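What follows is a short report on a single structure.
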Amino acid sequence: TGLVWINPSPNIRSLEAALLYPAVALLEASRNYSVGRGTDAPFLQVGADWIHGSELADYLNRRHIPGIRTYPVRLRPTRSVFAGQEIEGVRFVVLDREVVQVARLGLEIASAIQRLYPDRISWNNCERHFGDARVIQSLREGEDPRLVADRLAAQAAPWARSRQRWLLY
């Protein structure tokens, strides 16, 4: 477009962070989970004092999430959750933003954390971000996040079709 990037938020400093924000922030309401606020890469990484970065990165990479690769990291937030503490986590790298499915990525992160670190997340605090307690219940019961994402997409399809005639771009 030729337009200069303007940060929409002090913590969203790049197109990649803006793209990943809805997925990475899905669990942010849990008070023991960092989305990288207070680091040089907010919303491009997550971590906690109970996460093992290499384990989580390996798990997520085995899920073959379109357009995304994860790497283990150590981070030390200067503010927000875990301020001043070194924690482990994962960094998300966007390989192809045209194929990234943000909703699926968020569900994959939530599912991975539930599988690898059961009940570490305060799901009740996060319910508002998910918008539907049934989604959380599905993930807690071990349903494949791809199926959850497909079900949500099917539910949204009629709305997407009905709004089409009002879109300008």
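The values are calculated or read from the model by the stated rules, or taken from the named source; none is laboratory data. If you're wondering where the values come from, they're calculated on a predicted model, not measured in any experiment. Cβ coordinates were reconstructed from backbone atoms using ideal geometry, including for glycine residues, and neighbour counts include every protein chain displayed. Ligands, DNA and RNA are excluded from the accessible area calculation, which covers all protein heavy atoms including side chains. Shrake-Rupley method; radii C 1.70, N 1.55, O 1.52, S 1.80 Å.
Remarks
- Restricting region 110-128 to residues that are in a helix (DSSP H, G or I), at pLDDT 95 or above and in contact with a Phe, Trp or Tyr (Cβ under 9 Å, 6 or more places away or on another chain), the residue that is most open to solvent (accessible area, probe 1.4 Å): Arg115
- Tally, over region 129-165, of residues that are open to solvent by less than 40 Å² (accessible area, probe 1.4 Å), assigned to a helix (DSSP H, G or I) and not aromatic (Phe, Trp, Tyr): 9
- Filtering region 68-90 to residues that are out of contact with any Leu (no Cβ under 6 Å at 6 or more places or on another chain), among the charged types (D, E, K, R) and at pLDDT 95 or above leaves Arg74, Arg76, Glu86, Glu88.
- Residue check, Asp58 open to solvent by 90 Å² or more (accessible area, probe 1.4 Å) and either under 15 Å from the mean Cα position of the chain (by Cα) or under 21 Å from Ile87 (Cβ atoms) (or both): no
- Per-region count, region 20-51, residues more than 18 Å from Val93 (Cα to Cα) and either at pLDDT below 95 or surrounded by fewer than 21 Cβ atoms within 10 Å (Cβ to Cβ) (or both): 8
- Scan region 36-87 for residues that are in contact (Cβ under 8 Å) with a residue 60 or more places away in the chain and in a helix (DSSP H, G or I) and the total you get is 2.
- Verdict on Ala17 being open to solvent by less than 80 Å² (accessible area, probe 1.4 Å) and within 25 Å of Gly131 (Cβ to Cβ): yes
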